[in-house]
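Structure first, commentary second.
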């Protein structure tokens, strides 16, 4: 028997909360692993009882000049204006809209 919508919504919210707690636990343990690595207790790759851990580099982040950020914003605005023009003039073709559920 399928759960009622009210039950389903409550279950979804409960799973989202569990997912958040699990991610917090995972992140906390990765922080501890990073401390062990920095202290020299573990290498960047190691394995224990068939569970392998590998330290990976995150993508680089950059901070650009105000001039470049302003240029980027101008280009973004120009593109958005062109997109709006194409929608209004019927040049752009609308794709089929898909749906998903947002649970808060």
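Just so you know, all these numbers are worked out from the coordinates, no wet-lab data involved. These numbers were taken from a predicted model, which means no experiment stands behind them. FYI the Cβ positions are ideal-geometry reconstructions off the backbone, even for glycines, and counts take in every protein chain you see.
The simple spin-label model puts a point 7 Å past each Cα toward its Cβ; for residue 85 and residue 13 those points are separated by 4.8 nm. Look at 51, 21 and count the other Cβ atoms within 10 Å of each Cβ; fewest to most, that gives 51, 21.
When the chain is treated as a Gaussian network with alpha carbon springs shorter than 10 Å, the biggest mean-square fluctuation among 37, 71, 46 belongs to 71.
Subtracting the Cα-Cα distance from 0.36 nm times the residue separation, let me have the gained length for residue 61 to residue 49 in nm, one decimal.
0.8 nm
Compared with the direct C-alpha span, the chain from residue 27 to residue 92 gains 19.1 nm at full extension, assuming 0.36 nm per residue. With one equal scatterer per alpha carbon and no solvent term, the Debye-computed log10 I(q)/I(0) for the chain at 0.11, 0.19, 0.24, 0.25 1/Å reads -0.87, -0.99, -1.26, -1.32.
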